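S.K.: Structure below; questions to follow.
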Amino acid sequence: MEFEENSDGTGVVYKIKERDNYLSRKAPKIKGAGYRGERLEQVIAANVDNLFVVSSVGIPKFNNKAVDRLIVAGESSGLNIYLIINKTDLDNDYEAEAWKELYETVGYHVVASSAVTGEGTDEIRGLLKGKKNIFWGHSGVGKSSLLNTMYPSLKFRTGETSSFTQKGKHTTVTSIMVSVEPETYIIDTPGIREIDPYGITKENLGHYFIEFKPYIDNCRFNTCTHNHEPGCAVVEAVEEEKIPVERYESYLYLLETIEEGIVF
């Protein structure tokens, strides 16, 4: 936007420019007499360079289906996506390295991190420099703790995660953008319990799984949903182990939730 600043510190906005990009979701369902089933678009952040999808191992456990839904939202917004697998200090089952390898095979830059040991923090800070960055993840994955470790002056609120529900409390209640270094900005978003990307349909979902792209044009039908249709090149690639079966199973699950209108 363009604005003029007054001598008393106030200002007047006189022009709002077009967004370069934006990350959005379907607005949460609102219960009550006025609810008619319409889910409007809710913009989470605009004009950002990098999306850091933050997940965790330990508590809460790594949930690849939840991670993939966040990635789909980022891909549909045209953002540069990084994946952070946090809480490696709690990784008693050695999951982090396996999931890191899988997503790197797909084509994503993945960082294993810990706010306790400091693992991965230098690498993340290097990726942040000179960019506008948004951190997005489900409740309890340790976004705020990780940011506090990298930038102690932030002092974001943190909370505990229930070992029973595997969910965290909402300690960040609004999106906050802060400058942490020259020309370097971080947007910390509230932890989410459910996410339904806006504008995603069963016909276009496959385009946001980047490892599907080399095969989609070879499907027999232009409207192929890569599920039950004959002559599907994506299914063939899965069978030939060119696409990780974990990602394909995640795709099928997301496809089902879209068809049934489910969010998680």
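The values are calculated or read from the model by the stated rules, or taken from the named source; none is laboratory data. Here the structure is a predicted model, which means the values were calculated and not measured. Note that each Cβ is placed from the backbone with ideal geometry, even for glycine, and that neighbours are counted across all protein chains shown.
S.K.: When Arg19 is evaluated against the numbered criteria (1) within 18 Å of Gly74 (Cα to Cα); (2) at pLDDT 80 or above; (3) part of a loop (DSSP other than H, G, I, E, B), which criterion, by number, is the only one it fails?
M.R.: All conditions pass for Arg19, except number (2).
S.K.: Restricted to the stretch 119-153, and to residues that are within 16 Å of the chain's Cα centre (by Cα) and in a loop (DSSP other than H, G, I, E, B), which residue is modelled with the lowest pLDDT?
M.R.: The extreme case among them is Ser139.
S.K.: Do we have Gly206 as of a type outside the set (Phe, Trp, Tyr), under 23 Å from Glu41 (Cβ atoms) and modelled with pLDDT of 95 or more here?
M.R.: Against the criterion (of a type outside the set (Phe, Trp, Tyr), under 23 Å from Glu41 (Cβ atoms) and modelled with pLDDT of 95 or more), Gly206 qualifies.
S.K.: So, one more: Residues in the stretch 95-110: is at least one assigned to a loop (DSSP other than H, G, I, E, B), at positive phi, touching a residue at least 60 places away in the same chain (Cβ under 8 Å) and outside the structural domain of Glu241 (by TED's automatic domain parsing)?
M.R.: yes
S.K.: Next up: Determine whether Glu211 is out of contact with any Asp or Glu (no Cβ under 8 Å at 6 or more places or on another chain) and modelled with pLDDT under 95.
M.R.: It is false that Glu211 is out of contact with any Asp or Glu (no Cβ under 8 Å at 6 or more places or on another chain) and modelled with pLDDT under 95.
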